[in-house]
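What follows is a short report on a single structure.
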Amino acid sequence: MYSVKEIFYTLQGEGRHAGRPAVFCRFAGCNLWTGSEARRAASLCRFCDTDFVGVDGSCGGRYATPTELVEVIEQHWPEGMPGHPLVVLTGGEPMLQVDEPLIHALHDEGFEIAMETNGTLPVPDAVDWICVSPKGDVELVQTRGHELKLVYPQHQAMPEQFTHLDFDYFYLQPMDTSYIATSSDDSDYVQQAIEYCLLHPQWHLSLQTHKITGIL
């Protein structure tokens, strides 16, 4: 059984594949925060900007089998589009639910699979693109992949802690606190991330272009 918050077709807004069309499948639930605002301050991840609670989003629901879920994902990809279709498995934390049968079912339908994970659970090697986003001082289990995308700044997770890991690309993404009532000025975080990247060229700047452009 897979509990899915929402499924939708859009452009990837962040990281290496920013601007690429993709079907997003957002799984419900996370192991670092319940999603309750009352518990945000005491959670292991305090700056999440995503609603992953419940199954009430677009095409959300509880899917009994991989085939059932893949059929809905496939319906969102434009018919006849050339090239490999891309699905982004995200959350919440998708690795609480994603398993080998689902990965095989997606591959059988020709999908390239991208995973967005907090790295606290191992990701199967069969996933085509692994993006890890470390959170605070939580132990990182998935220490290799294609893209490490660090929300910045985090006092307990600074960039220099991750530069030795086996990733192809390293991104700093300025923290978005606009959804928190007591937030500070995000423009300071953008400038801080820019300055860090200029001084440490291994790191590239990642902006949330979907928020800038206003797309879903």
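Among Thr65, Pro101, Phe27, whose Cα sits farthest toward the positive end of the charge dipole of segment 1-120 (+1 at Cβ of Lys/Arg, -1 at Cβ of Asp/Glu, about the Cα centre)?
After comparing all options, I get Phe27.
Run the simple label-point estimate for Glu79 and Gln161 please: 7 Å along Cα→C-beta, distance reported in nm.
4.9
List the extent of the Cα atoms of the chain along each of their three principal axes, largest first, rounded to whole Å.
45, 38, 34
Nearest 5 percent is fine: what portion of the DSSP beta bridges confined to segment 1-139 is antiparallel?
45
Sorting check: for 188-195, 155-162, 79-86, which peptide has the highest mean count of neighbouring beta carbons within 10 Å, and how do the rest follow?
188-195, 155-162, 79-86
Identify which of Gly136, Gly119, Gly92 has the largest mean-square fluctuation in a Gaussian network model of the chain, with springs joining Cα atoms closer than 10 Å.
Looking only at Gly136, Gly119, Gly92, the biggest GNM fluctuation is shown by Gly136.
So, R0 is 22 Å and r is the distance between the beta-carbons of Gln208 and Val53; what FRET efficiency does that work out to, to 0.05?
0.60
Which of the lysines could a cross-linker span from Lys5 if the Cα-Cα distance has to be under 21 Å and same-chain partners fewer than 8 positions apart are dropped?
Lys211
Compute the FRET efficiency between Val141 and Ala38 as 1/(1 + (r/R0)^6), taking r as their Cβ-Cβ distance and R0 = 30 Å, and round to the nearest 0.05.
Result of the calculation: an efficiency of 0.60.
For the chain, with only Lys/Arg (+1) and Asp/Glu (-1) charged at the beta-carbon, what is the dipole magnitude about the Cα centre, in debye rounded to 20?
Rounded to the nearest 20 debye, it is 420 debye.
None of the figures in this text is laboratory data; all of them are computed from the coordinates on show. Quick caveat: nothing in here was measured; it's all calculated off a predicted structure. No Cβ is skipped: glycine too gets one built from the backbone with ideal geometry, and neighbour counts run over all protein chains shown.
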